[in-house]
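*Asks:* I am attaching a structure below and will ask some questions about it afterwards.
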Amino acid sequence: MQTGLRRMLAPMLLIAQPALAGDASVAELRDELRLLRENYASRIAELERQIAGVEARAAAVTPPATAQRTAPARGNAFNPEISLTLQGAYRSMKNLAEREISGFAAAHGHDHEEGGEQRGFTLDHTELMLAANVDDRFRGVANLALIDDAVEVEEAWFQTLGLGHGLTVKGGRFLSAIGYANVQHPHAWDFADSSLMYRALFGEHGSYGQDGVQLSWVAPTELFIELGGEIGRGAGFPGTDRNGNGIGATTVFAHAGGDVGAASSWRAGLSWLGTRAAARESHYEDSLAGEEVVGAFSGRSRTWIADAVWKWAPDGNPAARNLTLQAEYFMRRESGDLACYEDPDEASGATACASQVDSRYRSRQSGWYAQAVYQFMPGWRIGARYDRLDSGSVDLGTNASNIEQADYRPTRSTLMVDWSPSEFSRIRLQAARDRSMQGVTDNQLWLQYVMSLGAHGAHAF
Amino acid sequence: MNRIFRVFLGCAALLAALPATAALQVLACEPEWGALVRALGGADVGVREATTARQDVHRVQARPSLIAAARRADLLVCSGAELEIGWLPVLLRQAGNPRILPGAPGYFEAAAVVNMLEVPTRVDRADGDVHPDGNPHIQTDPHNILKVADALAVRLAEIDPPNATGYAARHADFARRWRVAMTGWETRARPLAGMGVVVQHKAFAYLLHWPGLREIGAIEPKPGIEPSSASLAALLAGLATDPPRAILRAAYDDGRGSEWLAGKLGIPVVVLPFTVGGSERATDLFGLFDDTVDRLLAVAR
């Protein structure tokens, strides 16, 4: 009380009796003032602390719904899932002008130097994927492959969500469900390149894309059974774009799968692709001058693919160790006509096809690959793959004497080891002995990276 | 080509004609929810579990058998909170079954009815396998089991009204027995309060929170990232000031990192069942917690 009074009086005294104040009393008064200030400062700080506490409690008591409502409206809440995959490699390979599988008609019209063609340090396609539910009935997905000067629309499709009864309809551009590896994007491949079989079947991209509609149905059974079919434009190899109404390519596929105990699961499939080609150009060697001539095929192309995959992991827990065995086999028959002529840009007039020669074309070719990939410890996998094709029988009729025909069985053996510190990154070393070109043994060494940014979704089995 | 189509259509017609089973078909993503559905559904439900206690639920693959099961399911019961993000979306998209799509009555997420722990303030893949909605391993706290049971009983009755009384009765019985059991566990678990432990994966946040255990460190340097010898050495050095009493791991975890650290520290590794089926005694949810509490008490003494 007394100190309180003195503190209140002190400033007054200071004002009222400036002359009376000696040095000692001034010092005393200064101390008093300092104390006064400090006292109030601490009391204010205490009050502030209490207010902060009350506010925090009030915030905690407020139901979260209210808290959400006070948040500013965001225009990006419906943004699609976005993922970006970075891919590149260092490749050491033989210097070859053209890399075509001997004995098989190559897919042209897509011969920009990229991917498997380039040596040294290369940047592969950067995959940009956007996906979201469109509304309650549809889901949409776009997958764009970016490379210098080009954006390729790899996939752009919608899919039904709620048809029920196991039915799903997909429309747009999509990777066909034929075979096993066909629906996999390059970043999901177990090796740095696609199998020889898929390259022979569908060209450099190693997959068959449809511009069309797919219907699939999952049976209500204990065993997984899926049946489906697609109709589409059929512009991709082995067909050609034919500027017509109607159906350009048809596929039919059946898949079955299940578990064997807790440790193993399997899937097997059988698929068929039927399409037509009109003046599908491939390069051949002329038998007279040994120069390059063009063989343009027009006719039907039918492909059967049988596929099987077996996955094993101890107790079905693939986190530490797991093994995947995978094999596919194809048989392709093509029948129609072949027109042999010289490339107008490189015409020499000395070849057997200096003036166009038309003949029949009937081929029956096959091939397969088998691979095993084993994860021996978390993050580390090793894999081996063997490719083998059979150029089979090709009946060229009157052109048989004009064109050199390779009767060849291309093979390739591949070994790889990869390291994935997380499911979003992978670095792979791959060595291959490629005998897909007659008379050439190409020993290849690849070091590849695959990095996924963003909402990288789940992969199918 | 026509012939091929006819064969396919014939197969399809034959399969479609197969008789459907009468009971409500439930696909449970994890064994604990399978066990809970069995307890609440009795003979009115047919339950299929997508994973076992020996499997790391983050890393399960979208196997064909699971697509077939999702195709036939009337109800999907999962932990949610993105625990199954690596495989469940694929199942749902391939199965063609709108009954169990997110938003439909047949889609049940357990994490939606409990309070989430460890909700990150920063979502960055540099932090490892973080779950933006919080730690999804909610089944290790018995209070959460009860909350999920309450919501699940309501959902079962909503989907299958003819058997609603059965679900209500079994739920009332389960909840009563569960409360009694919880009192028992909590009484026995008192000595665990404050005990410091190291965990394999950040999978035990709810279990530790329940009797008040302290998580001193984790074998995985970041969630979902495998430990390296350098990260283990750093962990060991950091534990010198506050030595843990035990190392906890789930039955499905790779044991090498925890065994190494346990050897260095001279402390035991406790392999917790983590879910139903994770140990011999964990045959149902009651057994799961009986066994979990006993295994923890064994190292607390």
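The values are calculated or read from the model by the stated rules, or taken from the named source; none is laboratory data. Since this is a predicted model, take the numbers as computed values, not measurements. Don't worry about glycine lacking a Cβ; one is built from the backbone with ideal geometry, like all the others, and counts go over all protein chains shown.
For (1) under 15 Å from B:L75 (Cα atoms); (2) at pLDDT 95 or above; (3) within 14 Å of another protein chain (Cβ to nearest Cβ); (4) touching a Pro at 6+ places or on another chain (Cβ under 7 Å), each residue gets a yes or a no:
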site: B:G106; (1), (2), (3), (4): yes, yes, yes, no
site: B:A110; (1), (2), (3), (4): yes, yes, no, no
site: B:E118; (1), (2), (3), (4): no, no, no, no
site: B:A126; (1), (2), (3), (4): no, no, yes, no
site: B:V130; (1), (2), (3), (4): no, no, yes, yes
site: B:D133; (1), (2), (3), (4): no, no, yes, no
site: B:R170; (1), (2), (3), (4): no, yes, no, no
site: B:R177; (1), (2), (3), (4): no, yes, no, no
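*Asks:* Here is a further query. When region A:296-323 is examined, which residues are found to be in contact with an Asp or Glu (Cβ under 7 Å, 6 or more places away or on another chain), within 14 Å of another protein chain (Cβ to nearest Cβ), free of Cβ contacts under 8 Å to residues at least 60 places away in the same chain and aliphatic (A, V, I, L, M)?
*Replies:* A:A319, A:A320
*Asks:* Hey, could you check region A:372-407 for residues that are more than 18 Å from A:S420 (Cβ to Cβ) and polar (S, T, N, Q) and say which is nearest to the other protein chains (Cβ to nearest Cβ)?
*Replies:* Restricting to residues being more than 18 Å from A:S420 (Cβ to Cβ) and polar (S, T, N, Q), the top hit is A:S393.
*Asks:* I've got another one for you. From the list A:L270, A:L227, which residue is in a strand (DSSP E or B), surrounded by fewer than 17 Cβ atoms within 10 Å (Cβ to Cβ), within 14 Å of chain B (Cβ to nearest Cβ) and in contact with a strand residue (DSSP E or B) (Cβ under 7 Å, 6 or more places away or on another chain)?
*Replies:* A:L270
*Asks:* Sticking with this one: Restricting to region A:186-204, name every residue that is buried (at least 20 other Cβ atoms within 10 Å of the Cβ) and within 14 Å of another protein chain (Cβ to nearest Cβ).
*Replies:* Residues satisfying the conditions do not exist here.
*Asks:* Still on this structure, I have one more. Restricting to region B:186-209, count the residues that are part of a loop (DSSP other than H, G, I, E, B) and more than 17 Å from B:R301 (Cα to Cα).
*Replies:* Adding up the residues that qualify gives 5.
*Asks:* Moving to a separate point now. Restricting attention to region A:378-416, which residues are more than 23 Å from the chain's Cα centre (by Cα), of a type in the set (G, A, S) and surrounded by fewer than 16 Cβ atoms within 10 Å (Cβ to Cβ)?
*Replies:* A:S393, A:G397, A:A400, A:S401, A:S413, listed by residue number.
*Asks:* So which of B:A12, B:A17 is surrounded by fewer than 24 Cβ atoms within 10 Å (Cβ to Cβ), at pLDDT below 95, closer than 23 Å to A:L270 by Cβ and facing chain A (nearest Cβ under 7 Å)?
*Replies:* Sole residue among the options that is surrounded by fewer than 24 Cβ atoms within 10 Å (Cβ to Cβ), at pLDDT below 95, closer than 23 Å to A:L270 by Cβ and facing chain A (nearest Cβ under 7 Å): B:A12.
*Asks:* Here's a check for you: in region A:205-224, which residue that is of a type in the set (A, V, I, L, M, F, W, C) and assigned to a strand (DSSP E or B) is farthest from the other protein chains (Cβ to nearest Cβ)?
*Replies:* Filtering first and then ranking leaves A:V213.
Conditions (1) of a type in the set (G, A, S); (2) surrounded by fewer than 23 Cβ atoms within 10 Å (Cβ to Cβ); (3) at the interface with another protein chain (Cβ under 9 Å from one of its Cβ atoms); (4) free of Cβ contacts under 8 Å to residues at least 24 places away in the same chain, marked per residue:
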| site | (1), (2), (3), (4) |
| --- | --- |
| B:D56 | no, yes, yes, no |
| B:R71 | no, no, yes, no |
| B:D74 | no, yes, no, no |
| B:G86 | yes, yes, yes, no |
| B:V90 | no, yes, yes, no |
| B:I100 | no, no, no, no |
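*Asks:* State whether one or more residues within region A:286-295 are within 9 Å of chain B (Cβ to nearest Cβ) and in a strand (DSSP E or B).
*Replies:* no
*Asks:* Here's a check for you: in region A:235-267, which residue that is among the β-branched types (V, I, T) and under 16 Å from A:V183 (Cα atoms) is nearest to the other protein chains (Cβ to nearest Cβ)?
*Replies:* Result: A:V252.
*Asks:* Something else: For B:G134, only one of the following conditions fails: (1) touching a His at 6+ places or on another chain (Cβ under 9 Å); (2) surrounded by 17 or more Cβ atoms within 10 Å (Cβ to Cβ); (3) not β-branched (V, I, T); (4) not in a helix (DSSP H, G or I). What is its number?
*Replies:* Among (1) touching a His at 6+ places or on another chain (Cβ under 9 Å); (2) surrounded by 17 or more Cβ atoms within 10 Å (Cβ to Cβ); (3) not β-branched (V, I, T); (4) not in a helix (DSSP H, G or I), B:G134 violates only (1).
*Asks:* Can you name the condition, by its number, that A:E334 falls short on among (1) over 26 Å from the mean Cα position of the chain (by Cα); (2) more than 21 Å from A:E204 (Cβ to Cβ); (3) at pLDDT 95 or above; (4) crowded, with 20+ Cβ neighbours inside 10 Å?
*Replies:* (2)
*Asks:* Now for a different question. Going through A:V183, A:V153 one at a time, which residue ends up being of a type in the set (V, I, T) and either more than 14 Å from the chain's Cα centre (by Cα) or buried (at least 17 other Cβ atoms within 10 Å of the Cβ) (or both)?
*Replies:* None of the other options fit; the residue is A:V183.
*Asks:* Still on this structure, please answer the following. Taking B:I85 as meeting all but one of (1) in contact with a Gly (Cβ under 7 Å, 6 or more places away or on another chain); (2) farther than 21 Å from B:H209 by Cβ; (3) at pLDDT below 95; (4) not acidic (D, E), write down the number of the exception.
*Replies:* Going through the list (1) in contact with a Gly (Cβ under 7 Å, 6 or more places away or on another chain); (2) farther than 21 Å from B:H209 by Cβ; (3) at pLDDT below 95; (4) not acidic (D, E), B:I85 breaks only (1).
*Asks:* While we're on this one: Of the conditions (1) within 19 Å of the chain's Cα centre (by Cα); (2) without any contact (Cβ under 8 Å) to a residue 60 or more places away in the chain; (3) not in a loop (DSSP other than H, G, I, E, B), B:H143 fails just one. Which one is it?
*Replies:* (2)
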